[in-house]
Amino acid sequence: MKKIIKNGTIATAADTYQADILIENEKIAMIGKDLPTEGAEIIDAKGAYIFPGGIDPHTHLDMPFGGTTTKDDYETGTIAAAYGGTTTIIDFCLTEKGVPLKKAIETWHEKANEKAAIDYGFHLMISEINDDVLAELPSIIDNEGISSFKVFMAYKNVFQADDATLYRTLLQAKELGALVMVHAENGDVIDYLTKQALAEGNTDPIYHALTRPPELEGEATGRAAILTEMANGQLYVVHVTCEDAVEKITEARNKGVDIWGETCPQYLVLDQSYLEKPHFEGSKYVWSPPLREKKNQEVLWNALKMGQLQTIGSDQCSFDFKGQKELGREDFTKIPNGGPTIEDRMSILFSEGVMKERITLNQFVDMTSTRAAKLFGLFPKKGTIAVGSDADIVIFDPKVERAISAETHHMAVDYNAFEGMEITGEPVSVLSRGQFVIKDKQFVGEAGKGQFLKRAKYNAALKPDTGKRLPV
Ligand code: URP
Ligand code: ZN
Ligand code: ZN
């Protein structure tokens, strides 16, 4: 059945205007004033913004980590994402050395099949480059539709790859048309500092932050940028937290290096002091890289505004406080890293960003949806409101005031990292390919309805503009 959304204000990455949207066969069929309503279900969006469905380019659902597995799986995670206005996620498929990459992809499909309530794609972790991996990569891009590879520069003896692997991944990705993503922290020095902290009897959560200082994120970011420049490659730095890293990305972009930066809501609104909360509550705020000193928040907001960072990922990676975070009561290195953020990613950015005039409404759409669609080969199917695009649409009430709480969130996890935070704005209804998944703030979708997205190759034409112009 056809649907028409009327009386709303459409906001894309470029424009804000009033028009009706006609939805037919999962797609946006027409946009215009006073479209004929005959035979269509009418959706009244008076007083609401209409955004393209959010694209979360950084999630970890049903992921094993530190001897446990994330609390949210593809079902609870994607339903919570939908409540928050996200209609597409790109999740990280972990791989194991010596095991065919295709096997890892199969495992990730099994996790998502019949569970995902919204559309999804995968990034693929690369931890080694050898003849077998080199032989598999072209088909992973062309046949599996996975056009982004993730390299960890930290988590020594777990996920960490060496610099030669990063460099060779950059070279391969350039040749094949994939975007390389890095977790940029200096894992070797972190390993030394954590061992030293434990030897000195320093076991509390705050030592997680103190053993991973911002200098080590800046150093790794700078190293990755230089390797990208040498490879003439393309790089996306995930979860940027601090000035040290922003400086390195900005410096490289100014030189014309094809490098992009993502930050996450937690780094914009929480800070290192949260790790010092009593009764082991600090463990709820253990992310890698860690929360930073408060002064970094304004640096990140400014970098978003100025285009030095371009996207907002949630880095959803949730563990219960009880029984999971508690694994590290006696030793901070055993606290599983990560937190629940998939549901509140867009609302926090709207409330703290748009409402507080740190970014514009159109920048908000770009950061939470459009830019990720462009970088990860989904545009214009996803990431915009245009004729022919998938009807992934968020009807957003910009006025409602509420407090974030684990009591009302839809993630499976037993706490909310933003507990009590007062925010303005909330998705009212959300459509995925023309079907309601959230209607009047209730989930009406179905687990398993989400489709796997085979993504296009990286579009090298996106390369940053250095700002240099021919002399006139
Ligand atoms: O603490 C975090 N970020 N956990 C998820 C894994 C990662 O490094 O992205
Ligand atoms: Zn990471
Ligand atoms: Zn992550």
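Assorted remarks:
- Ordering of 243-249, 197-203, 73-79 by packing [mean C-beta count within 10 Å, highest first]: 73-79, 243-249, 197-203
- P(r) tail fraction, region 266-416 - alpha-carbon pairs more than 29 Å apart, %: 25
- Residues in region 314-327 carry Karplus couplings, in order, of 7, 6, 3, 7, 9, 9, 4, 5, 6, x, 10, 4, 5, 4 Hz; the curve used is 6.51 cos²θ - 1.76 cosθ + 1.60 with θ = phi - 60°, and Gly or Pro positions show x.
- Three-way shape call for region 260-321 based on the alpha-carbon gyration tensor, with the a/c threshold at 1.5: oblate
- For the chain, a crude dipole built from +1 on the beta carbon of Lys and Arg and -1 on the beta carbon of Asp and Glu, taken about the Cα centre, is about 1080 debye to the nearest 20.
- Cα pair distances in region 237-354, grouped into 5 Å bins until the bin that holds the longest one, percent each: 2, 12, 21, 21, 18, 13, 8, 4, 1, 0
- When the alpha carbon coordinates of region 332-382 are projected onto the principal axes, the ranges are 41, 31, 15 Å, largest first.
- Region 386-429 shape via C-alpha gyration tensor axes, a/c threshold 1.5: oblate
- Distant-in-sequence amide contacts of H123, defined by a placed amide H-H separation under 5 Å and a gap of 5 or more residues or a different chain, comprise D91, F92, C93.
- Cα gyration tensor of region 115-273 - equivalent ellipsoid semi-axes, whole Å, descending: 28, 18, 17
- Percent breakdown of C-alpha pair distances by 5 Å bin, ordered from the shortest bin, for region 368-472: 2, 9, 13, 16, 17, 14, 12, 8, 4, 2, 1, 1, 0
- The HN-Hα couplings worked out from phi for region 164-169 by the Karplus form 6.51 cos²θ - 1.76 cosθ + 1.60 (θ = phi - 60°) are 5, 5, 4, 4, 5, 5 Hz, whole numbers, x standing for Gly and Pro.
- When each of the peptides 377-387, 30-40, 133-143 is scored by the mean number of other C-beta atoms lying within 10 Å of its residues, the order from highest to lowest reads 377-387, 133-143, 30-40.
- Under 5 Å from the amide H of I259 lie the amide H atoms of L235, each residue being 5 or more positions distant or on a separate chain, with H modelled from the backbone and absent for Pro and chain starts.
- Label reach from K277 (point 7 Å along Cα→C-beta): in region 338-360, amide nitrogens under 15 Å belong to 338-341.
- Once C-alpha pairs closer than 8 Å and six or more residues apart are averaged by separation and normalised to the residue number of region 239-348, the relative contact order reads 31 percent.
- Calculated on the Cα set of region 52-154, radius of gyration then Dmax: 14.0, 43 Å.
- At an R0 of 22 angstrom, the distance between the Cβ atoms of N157 and E326 translates into a FRET efficiency of 0.45.
- Per-q log10 I(q)/I(0), region 179-301, q = 0.17 Å⁻¹ (Debye; single scatterer per alpha-carbon; no solvent): -0.83
- The string of couplings for region 366-381 from the Karplus curve (6.51, -1.76, 1.60, θ = phi - 60°) is 4, 6, 9, 8, 4, 5, 5, 4, 5, 5, 10, x, 10, 7, x, 4 Hz, one whole number per residue in order, with x for Gly and Pro.
- Relative packing of 408-417, 84-93, which averages over residues the other C-beta atoms within 10 Å, highest first: 84-93, 408-417
- With both residues required to sit in the chain, DSSP beta bridges show an antiparallel share near 45%.
- Taking max minus min of the alpha-carbon positions on each principal axis, region 99-208 gives extents of 51, 36, 22 Å, largest first.
- Built from the Cα atoms of region 419-459, the convex hull projects on average onto 5.6 nm², one quarter of its surface area.
- Computed on protein heavy atoms with a 1.4 Å probe, the accessible areas place Y458, Y49 in the order Y49, Y458, largest first.
- Kirkwood hydrodynamic radius of the chain, from inverse mean 1/r over distinct Cα pairs, in Å: 22.3
- Listed pairs K103/K449; K27/K457; K248/K334; K103/K322 exceeding 28 Å between Cα atoms: K248/K334; K103/K322
The values are calculated or read from the model by the stated rules, or taken from the named source; none is laboratory data. For clarity, every value in this text was computed on a predicted model and none was experimentally measured. Counting neighbours? That spans all protein chains shown, and the Cβs are built from the backbone with ideal geometry, glycine included. Side chains are part of the model used for accessible areas, which takes the heavy atoms of the whole protein and leaves out ligands, DNA and RNA. Shrake-Rupley method; radii C 1.70, N 1.55, O 1.52, S 1.80 Å.
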